[in-house]
1. Filter region 14-27 down to the residues that are under 12 Å from the mean Cα position of the chain (by Cα) and either surrounded by fewer than 23 Cβ atoms within 10 Å (Cβ to Cβ) or free of Cβ contacts under 8 Å to residues at least 60 places away in the same chain (or both), then identify the one that is farthest from residue 144 (Cα to Cα).
2. Does residue 54 satisfy the criteria of being surrounded by 13 or more Cβ atoms within 10 Å (Cβ to Cβ) and over 17 Å from residue 15 (Cα atoms)?
3. So if I check each of 59, 35, 63, which one is out of contact with any strand residue (DSSP E or B) (no Cβ under 8 Å at 6 or more places or on another chain), surrounded by 14 or more Cβ atoms within 10 Å (Cβ to Cβ) and on the phi > 0 side of the Ramachandran plot?
4. Could you figure out which of (1) in contact with a helix residue (DSSP H, G or I) (Cβ under 7 Å, 6 or more places away or on another chain); (2) at pLDDT 95 or above isn't true of residue 28?
5. Quick one: residue 147 ticks every box in (1) modelled with pLDDT of 95 or more; (2) under 26 Å from residue 33 (Cα atoms); (3) touching a helix residue (DSSP H, G or I) at 6+ places or on another chain (Cβ under 9 Å); (4) surrounded by 14 or more Cβ atoms within 10 Å (Cβ to Cβ) except a single one, so which number is it?
6. Could you look through region 173-187, keep only residues that are in contact with a strand residue (DSSP E or B) (Cβ under 7 Å, 6 or more places away or on another chain), in a helix (DSSP H, G or I) and free of Cβ contacts under 8 Å to residues at least 60 places away in the same chain, and pick out the one that is nearest to residue 38 (Cα to Cα)?
7. Against the definition (modelled with pLDDT under 95 and in contact with a strand residue (DSSP E or B) (Cβ under 6 Å, 6 or more places away or on another chain)), how does residue 158 come out, yes or no?
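The values are calculated or read from the model by the stated rules, or taken from the named source; none is laboratory data. Please read all numbers here as calculations on a predicted model, not as lab measurements. Neighbour counts are summed over all protein chains in view; Cβ atoms, including those assigned to glycine, are modelled from backbone coordinates with ideal geometry.
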């Protein structure tokens, strides 16, 4: 697995950046979760880590919306982060679904969480040390993907969708993004600041 020296914060989109209303694909559906800009500003400004989004977007593969709609919303979202002084480094997405995808989108794909492909690609693209990095997700598939990638601090935002099976892999639960920010501060301190 690629290994670099840069530390990074990986975040899911729906349920971490925005309220997960289900297959969100329009600006008028996009409600930012309180605390996301403060958290990203701390990571990019104080720690100088890249903030990377890794999101399953099977709504494309299911035919609920197209790639163009996703791209338009992603550009708008990235611009909001830039205006808030918390620029996102990259947004990776996986449109495939092995059961519900339509046509070529009906496929297993190494980028679809719980597979670690998006994290591994980002590590290669940006020289990231996954072992020194953090993930914030809202579903067990996020946590499982982070475990497979070797990401050390795995934060699960508490939500009805984040139900934890008995054999759930090791992770830390945060009630909200403010609590997640404190966990990242503590983790960065233990690692010895920014890199």
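1. Filtering first and then ranking leaves 18.
2. no
3. Details: 59 fails: on the phi > 0 side of the Ramachandran plot; 63 fails: surrounded by 14 or more Cβ atoms within 10 Å (Cβ to Cβ).
Of 59, 35, 63, the one residue that is out of contact with any strand residue (DSSP E or B) (no Cβ under 8 Å at 6 or more places or on another chain), surrounded by 14 or more Cβ atoms within 10 Å (Cβ to Cβ) and on the phi > 0 side of the Ramachandran plot is 35.
4. Exception for residue 28: condition (1).
5. All conditions pass for residue 147, except number (3).
6. Step by step, filter region 173-187, then rank; the result is 183.
7. Spelling it out, residue 158 is indeed modelled with pLDDT under 95 and in contact with a strand residue (DSSP E or B) (Cβ under 6 Å, 6 or more places away or on another chain).
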